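Only one structure is covered here, and it is reproduced in the block below.
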Amino acid sequence: MAEVLFYHLTATPLERTLPELLERSLERGWRVLVRCGSAAGLAALDLALWTYRDEAFLPHGPASGSEPDRQPVLLTLDAQNANAADVLMLVEGAKVTVPEIAGFVRVCLLFDGGDPAALSSARETWRDVKEAGVAAVYWAQEGDRWVRKSASDG
């Protein structure tokens, strides 16, 4: 059964947090689908992933590119899992349905703690996930580290 991890961003922006989570997923042998909430956000993330660290390479590409099925990390706006990803990462207000969660090993929802709409949407998703009996963990940033604040075993 899949688990859903909620990441409440307060100290580090998405452009710095996402690459670290992607690297950890790839180290586990997982393929990742990053669903963005807007085309502008997708383009900005695509650029950020190419330039986030000089000494690292994070293989990725947009779903609109050639051979999306070969991308270890695929950036998309829609629900199609074109790269047969194990992990779905939701950013910039992207949504997931409860039935869709079952198609992944892990779903990560990264949201901006300074955005009231993002907080409200994350709370709504948390309630939906809990009501469906899916395991969920809520992580919050405290300074430069992540602290597990709440969990639901589903």
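The values are calculated or read from the model by the stated rules, or taken from the named source; none is laboratory data. Please read these numbers as outputs of a predicted model, since none were measured by experiment. No Cβ is skipped: glycine too gets one built from the backbone with ideal geometry, and neighbour counts run over all protein chains shown. Just so you know, the surface numbers come from the protein's heavy atoms only, side chains and all, with ligands and any DNA or RNA stripped out. Shrake-Rupley method; radii C 1.70, N 1.55, O 1.52, S 1.80 Å.
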If you take the residues in the stretch 55-91 that are of a type in the set (D, E, K, R) and over 20 Å from residue 15 (Cα atoms), which one is least open to solvent (accessible area, probe 1.4 Å)?
-> 86
If you scan the stretch 36-54, which residues turn out to be open to solvent by 10 Å² or more (accessible area, probe 1.4 Å) and not in a loop (DSSP other than H, G, I, E, B)?
-> 39, 40, 42, 43, 44, 46, 47, 48, 50, 51
Taking the stretch 125-142 and keeping residues under 16 Å from the mean Cα position of the chain (by Cα) and part of a helix (DSSP H, G or I) leaves 125, 126, 129
If you check residue 149 against the conditions, is it of a type in the set (D, E, K, R), part of a strand (DSSP E or B), within 22 Å of residue 17 (Cβ to Cβ) and open to solvent by 20 Å² or more (accessible area, probe 1.4 Å)?
-> yes
List every residue pair whose Cβ atoms lie under 7 Å apart, where the two residues are 6 or more positions apart in sequence or sit on different chains, the first residue falls within the stretch 99-118 and is under 21 Å from residue 41 (Cβ atoms) and in a helix (DSSP H, G or I), and the second residue, located anywhere, is polar (S, T, N, Q) and open to solvent by 70 Å² or more (accessible area, probe 1.4 Å).
-> none
The residue that is nearest to residue 3 (Cα to Cα), considering only those in the stretch 97-107 that are of a type in the set (Val, Ile, Thr) and buried (at least 20 other Cβ atoms within 10 Å of the Cβ), is 107
Which one of these is over 12 Å from residue 4 (Cβ atoms), among the small types (Gly, Ala, Ser) and more than 12 Å from the chain's Cα centre (by Cα): 151, 117, 122?
-> 117
